[in-house]
């Protein structure tokens, strides 16, 4: 959970540095974590963090979990414009949701390299 909180903090910082106005929803009932605005255009953002690698590539879970075990929702492309992912090696993936159709998980391989930003920050995050 701590790394998920770090991902939110990094996302807010990253959008702010890109001259976006960042808004945080008051409740957790929506499919997005942030609303960002630039030049009068609003976009919704889902934030994910990932420490798990499969075959040497980070695999991010896209499903949203609620407070009870039965409250699992697949990723909702209709409600989210951008996916912001922070990996354990402090790499950001900023992917428009129009670039993938997955609803359960996404493997961050070469296909998404053009959406990759390496942060000049080094943290030690435990890998799973």
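Any read-out appearing in this document is the output of simple, stated calculations on the displayed coordinates, not a laboratory observation. It should be emphasised that the depicted structure is a prediction, and the values quoted were computed from it without experimental measurement. Neighbour counts run over all protein chains shown; Cβ positions are idealised from the backbone, glycine included.
Round to the nearest 0.05 the FRET efficiency obtained for residue 28 and residue 110 when R0 = 25 Å and r is the Cβ-Cβ distance. If you can, show how the numbers build up before the last one.
On the way: r = 34 Å, r/R0 = 1.35.
E(calc), rounded to 0.05, equals 0.15.
Count the DSSP beta bridges whose two residues both fall in the chain, then state the antiparallel fraction as a percent rounded to the nearest 5. Walk me through the numbers on the way to the answer.
Numbers: 23 of 29 bridges.
Within the chain, antiparallel bridges account for around 80 percent of the total.
Each label point was placed 7 Å from the Cα along the Cα-to-Cβ direction; for residue 38 and residue 98 their separation is 1.6 nm.
Express in nm, to one decimal, how much length is gained between residue 53 and residue 13 on full extension, taking 0.36 nm for each residue of separation and deducting their alpha carbon distance.
On the way: separation 40, 0.36 × 40 = 14.40 nm, distance 2.54 nm.
So the chain would gain 11.9 nm between residue 53 and residue 13.
A crude spin-label estimate for the pair residue 79 and residue 63, with each label 7 Å from Cα along the Cβ direction, gives 1.6 nm. Put simply, when 44-54, 22-32, 77-87 are sorted by average Cβ atoms within 10 angstrom per residue, most first, you get 77-87, 44-54, 22-32. With Cα atoms defining each centre, the stretch 91-119 and the stretch 1-47 are spaced 17 Å apart in the structure. Using the empirical formula 2.2 N^0.38 Å as the baseline, the Cα radius of gyration of the chain reaches a ratio of 1.02.
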